[in-house]
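Before any comments, here is the structure.
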Amino acid sequence: MFGSKTATPSKPQNRIDTLIGAGTQIHGDITFNGGLRIDGEIHGNVTATGEGSSTLVVSEHARVEGEVRVSHVVINGTVTGPVHSSEFLELQTKARVTGDLEYNTLEMHLGAVVQGRLVHDTPTRSVELKLATNSSATG
């Protein structure tokens, strides 16, 4: 009804299962399932595993140096490295990304900065080409 908000289907609705707190530094790759929020620093790749959608939130003061590969990504901090989002990528106002972004759906807020390429990734579809033949053509 009126006044009730419904979630946009493309936006992540997953809960956050794991928090890497402010002041925490991790050197090495991270793999996770479900939801992960980073408030600290990661020096390594961040990858979601398992089936289903996963969510990564990089908060305003967070820093990630490495490749990010997650279905839903929300960035408001600094990421140095490529970001691959198979479903939804949101760049909030304080996002600073140095690296290429590969996404299906992108939401970019005023103030976000990207130094790299934006690549829209569409699901692979087979395309059938047919050549038209003209049977009445004279030779």
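The values are calculated or read from the model by the stated rules, or taken from the named source; none is laboratory data. Quick caveat: nothing in here was measured; it's all calculated off a predicted structure. Using ideal geometry, Cβ is built from the backbone for each residue, glycine included, and neighbour counts are taken over all protein chains shown.
Points to keep in mind about this one:
- In region 87-101, the residues that are surrounded by fewer than 19 Cβ atoms within 10 Å (Cβ to Cβ) and in a strand (DSSP E or B): E87, R96, T98
- Yes/no for P12 being at pLDDT below 95, surrounded by 16 or more Cβ atoms within 10 Å (Cβ to Cβ) and within 11 Å of the chain's Cα centre (by Cα): yes
- T49 over 25 Å from I16 (Cα atoms) and either more than 12 Å from the chain's Cα centre (by Cα) or modelled with pLDDT of 95 or more (or both): no
- Tabulated pairs, region 108-119, first under 13 Å from L89 (Cβ atoms) and among the β-branched types (V, I, T), second in a loop (DSSP other than H, G, I, E, B) and modelled with pLDDT of 95 or more, C-beta under 8 angstrom, 6+ apart or interchain: V114/A95; V119/D100
- Of everything in region 77-86 that is assigned to a strand (DSSP E or B) and at pLDDT 95 or above, the residue that is surrounded by the fewest Cβ atoms within 10 Å (Cβ to Cβ) is T80.
- Residue in region 70-115 that is nearest to N33 (Cα to Cα), counting only those that are of a type in the set (G, A, S) and under 14 Å from the mean Cα position of the chain (by Cα): S71
- Listed by position, the strands (runs of 3 or more DSSP E) contained in region 36-76 that have at least 2 residues being over 15 Å from F88 (Cβ atoms) and among the charged types (D, E, K, R) are 63-65.
- Positions within region 19-58 being without any contact (Cβ under 8 Å) to a residue 24 or more places away in the chain and touching an Asp or Glu at 6+ places or on another chain (Cβ under 6 Å), in sequence order: G21, Q25, G34, G35, H43, G44
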